[in-house]
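Visitor: Right, I'll just put the structure down here and ask away after.
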Amino acid sequence: MKVFGKKIPRGNLLIYFSFTVVSLCILLIVSAVRAENVTKLIKNSLYSGHQKSFTIINSEDEKQWENVIPDIEVEYEHFAIYVPMRSSDVALRGVYVNGDIEQPPMLSGEYFDHSTAWTDQRKAVLGKNHEKDVSVRDGKKYYRYNDTDYEVIGIMGTKEESRINQMVLIDFKSAIGIAGINTRYVLDTKNEANIYDIGQKIYDLFTYPAEVLIGLQEQNDSTGLAAYLSGDMIMDTMYVMILISFSLSTVLITFIWFRFRRQLFYAWKLSGYRKCPVCLEIAKRFYVIAGAGFVAGIILMFIISNIVPDVDIVFMDVCRAFGMTLGLGTLILCFCYVVNNNKKL
């Protein structure tokens with residue numbers, strides 16, 4: 001088959017179109033999952049939706065968290081502790097972060113990590129509506145609250161008006177300094193099952209006379225059939241099934257691609273090529289074609305995102321899609337190569 005006056009093998013075209021479709025599918029799924037997570041965060045005011053509130057009372061040591069946090073972070077990962085704070089001016093909240101948690105959409109800078117959330121230096125992440133109140137000194141941005149300056153490490157927000165745009169998040173120690181240790185907290189974990197273990201750990205670590213008021217009984221309303229029929233599970237299953245369908249079709253097309261090259265492989269074998277150089281040559285040709293298909297998928301995705309307002313794509317979506325496409329392509333290539341060598345297709 002000729003394209004732009006140049007003869008292109010049919011197998012190459014099949015692989016190219018297959019990876020164009022697969023890449024576009026993965027980009028759409030990654031973008032949709034990110035959009036769902038952002039929508040869920042906005043709906044739950046930055047909480048995951050299965051967070052647990054607790055209260056500390058009677059603590060006489062304002063620095064008791066400095067003894068508790070190190071013990072928790074060694075044993076558990078991927079959780080956050082928030083300090084909701086009452087303020088007539090802004091929606092203010094303190095944040096402690098350990099590991100990987102769901103992050104709000106960032107317009108600039110970075111969201112809190114462990115080093116910026118658990119620090120003696122005052123840090124803040126602002127909703128975009130507060131960006132007008134930022135001042136710049138010595139190349140750094142600062143936000144002033146209650147006559148205290150906080151270094152701004154990031155601006156978060158959404159295109160549409162949302163609660164996130166109005167919020168101000170500050171580091172955990174600064175929040176405790178304002179609200180005091182005897183206040184209400186919110187524990188949020190990436191894995192819902194960990195919330196009871198971490199809650200129990202916090203309960204055990206606070207020493208008398210301090211008390212941690214937290215309900216740790218496990219709830220069963222999200223188990224069994226109800227969990228599998230939840231909206232999130234149905235959508236995740238649909239995404240997986242779509243990806244599997246396209247992957248299986250790509251496996252079939254890769255087998256066809258190998259079949260079209262039997263004479264070439266046979267010629268290499270008669271010429272005395274070793275197995276390793278042959279594998280590298282096959283991989284090079286396969287990845288070049290698959291890469292071209294991935295680029296075509298990105299171009300189509302950008303066209304779709306410009307036509308359909310609800311479809312959005314960011315740089316991290318492309319990076320995640322590239323990693324998934326590379327991994328999927330490698331698995332398909334290895335599988336088809338092994339089967340093709342063991343059977344006469």
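Visitor: State, as an integer percentage, the relative contact order of the chain based on alpha-carbon contacts under 8 Å between residues 6 or more apart. Don't jump to the answer; show the numbers that get you there.
Guide: Values: 476 pairs, mean separation 95.6, N = 345.
Relative contact order of the chain: 28 percent.
Visitor: Does region 78-166 come out rounded, prolate or oblate, given a ≥ b ≥ c as the square roots of the eigenvalues of its C-alpha gyration tensor, rounded meaning a/c under 1.5 and, failing that, prolate meaning a/b above b/c?
Guide: rounded
Visitor: In addition: Q64's amide H: which non-local residues (gap 5+, or another chain) put their own amide H closer than 5 Å, with H modeled 1.01 Å from N in plane and none for Pro or chain starts?
Guide: Placed amide hydrogens put nothing under 5 Å from Q64.
Visitor: Pull up all non-local amide H partners of G94: gap of 5 or more, or a different chain, and H-to-H distance under 5 Å with H placed in the peptide plane.
Guide: V83, M85, I170
Visitor: For the chain, give me the percentage of DSSP beta bridges that are antiparallel, rounded to the nearest 5 percent. Show your work: numbers first, answer last.
Guide: Working: 33 of 43 bridges.
If I count the DSSP bridges inside the chain, around 75 percent turn out antiparallel.
Visitor: To continue, here is another question. At q = 0.10, 0.14 Å⁻¹, what is the base-10 log of I(q)/I(0) for the chain according to the Debye formula with one equal point scatterer per Cα and no solvent? Please give it to two decimals.
Guide: The Debye formula, applied to the Cα set alone, gives -0.78, -1.12.
Visitor: Sort 63-70, 125-132 by packing, meaning the average of other beta carbons within 10 Å per residue, with the highest value first.
Guide: Order by mean packing, descending: 125-132, 63-70.
Visitor: Which residue, Y273, Y287, Y96, tops the fluctuation ranking in a GNM of the chain built on C-alpha contacts under 10 Å?
Guide: Y273
Visitor: Karplus couplings for region 94-106 from phi (6.51 cos²θ - 1.76 cosθ + 1.60, θ = phi - 60°), rounded to Hz, Gly and Pro as x?
Guide: x, 9, 10, 10, 9, x, 9, 10, 5, 10, x, x, 9
Visitor: Could you grab the relative contact order for region 52-213? Cα pairs under 8 Å, six or more apart, rounded to a whole percent. The partial results should precede the final answer.
Guide: Numbers: 322 pairs, mean separation 60.3, N = 162.
This gives 37 percent for region 52-213.
Visitor: For region 167-196 and region 272-292, write down the distance between their C-alpha centroids in whole Å.
Guide: 52 Å
Visitor: Just check region 1-121 against the gyration tensor rule for me: Cα atoms, a ≥ b ≥ c as the square roots of the eigenvalues, rounded for a/c under 1.5, and otherwise prolate or oblate depending on whether a/b exceeds b/c.
Guide: Judged from the Cα gyration tensor, region 1-121 comes out prolate (a/c at least 1.5, a/b above b/c).
Visitor: Could you work out the mean projected area of the convex hull around the alpha carbons of region 52-213, in square nanometres to one decimal?
Guide: With every direction weighted equally, the projected area is 9.7 nm².
Bear in mind these aren't lab numbers, they're just calculated from the coordinates by the rules spelled out. Everything numeric here is computed off the predicted structure, so don't read it as measured data. In this analysis, Cβ positions are derived from the backbone assuming ideal geometry, glycine residues included, and neighbour counts consider all displayed protein chains.
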